[in-house]
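Just so it is clear, none of the values below were taken in a lab; they were calculated from the coordinates. Here the structure is a predicted model, which is why all the values come from computation and not from measurement. Don't worry about glycine lacking a Cβ; one is built from the backbone with ideal geometry, like all the others, and counts go over all protein chains shown.
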């Protein structure tokens with residue numbers, strides 16, 4: 001049995017936070033339908049909690065009271081853990097909204113991931129988005145601690161490599177590892 005997630009409940013009860021998470025952070029709690037029927041190979045519980053603009057879905061895994069890891073599955077058949085719990089996943093999404101672009105460089109290690117951060121931050125600024133103001137607003141509404149970018153990316157590298165969270169489609173085919 002899955003237990004209610006306090007942070008998710010707070011997001012849903014705070015419309016301004018939910019709206020800001022949609023844009024510019026690409027985490028929409030109103031969109032929980034994945035592109036296909038999926039399940040964890042382990043048989044553990046899987047609860048869709050949000051979607052992104054490209055058809056990806058964020059899932060809570062298992063039914064532990066204290067810690068339910070967050071798995072992200074894209075619409076192209078790749079999946080992986082992005083947080084040991086929802087708090088860690090939200091920290092990642094808010095601190096590094098371009099985390100997928102960073103993860104695409106993970107084969108080069110943490111330094112390769114960090115090297116693209118300044119350019120990606122500038123791109124948001126070019127679109128007239130002040131990520132620091134958005135981050136501060138969310139941190140206030142959600143009482144969210146936002147660790148430094150390097151810490152969040154290092155945690156992502158560790159988390160995405162954790163074994164035991166294989167996502168299967170309805171035919172039993174495993175999703176590939178998320179862009180690494």
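How would 60, 8 line up from fewest to most surrounding beta-carbon atoms within 10 angstrom?
The order, fewest Cβ neighbours first, is 8, 60.
Ordered by packing density, taken as the mean number of other Cβ atoms within 10 Å over each peptide's residues, highest first, how do 78-85, 11-18 rank?
Descending packing order for the listed peptides: 78-85, 11-18.
Run the simple label-point estimate for residue 111 and residue 64 please: 7 Å along Cα→C-beta, distance reported in nm.
3.3 nm
Over 5 Å intervals from 0, what percent of Cα-Cα pairs in the range 89-180 sits in each interval?
3, 12, 21, 20, 17, 13, 8, 5, 1
With a point put 7 Å past each Cα toward its Cβ, work out how far residue 37 is from residue 12 in nm, to one decimal.
Reported label-point gap for residue 37 and residue 12 is 2.4 nm.
Expressed as a rounded percentage, what relative contact order does the chain have, with Cα pairs under 8 Å and six or more residues apart?
It rounds to 25 percent for the chain.
Among 175, 124, which comes first, second and so on when ranked by fewest other beta-carbon atoms within 10 Å?
By the 10 Å Cβ count, ascending, the order reads 124, 175.
Where Rh denotes the Kirkwood radius from the mean inverse Cα pair distance, what is Rg over Rh for the range 6-166?
0.94
Would you mind calculating the relative contact order of the range 65-145 from Cα pairs under 8 angstrom and at least 6 residues apart, reporting the percent as a whole number?
18 percent
Rank the residues 99, 23, 171 as a footprinting-exposure proxy: fewest other Cβ atoms within 10 Å of their Cβ go first.
Arranged by neighbour count, lowest to highest, 99, 23, 171 become 171, 23, 99.
Relative to a virtual label point 7 Å from the Cα of residue 143 in the Cα→beta-carbon direction, which members of the range 52-81 show backbone nitrogen distances below 18 Å?
Only 66-67 fall inside the zone, counting backbone N under 18 Å.
Per DSSP H run of n ≥ 4, the term is -39500 (n - 2.57); total these for the chain, divide by its residue number, and report the mean residue ellipticity at 222 nm rounded to 500 deg cm²/dmol.
Details: 8 runs with 72 residues, N = 180.
Theoretical 222 nm ellipticity from helices: -11500 deg cm²/dmol.
Going by Cα centres, the range 77-138 and the range 14-70 are how many Å apart?
Each part's Cα centre sits 17 Å from the other's.
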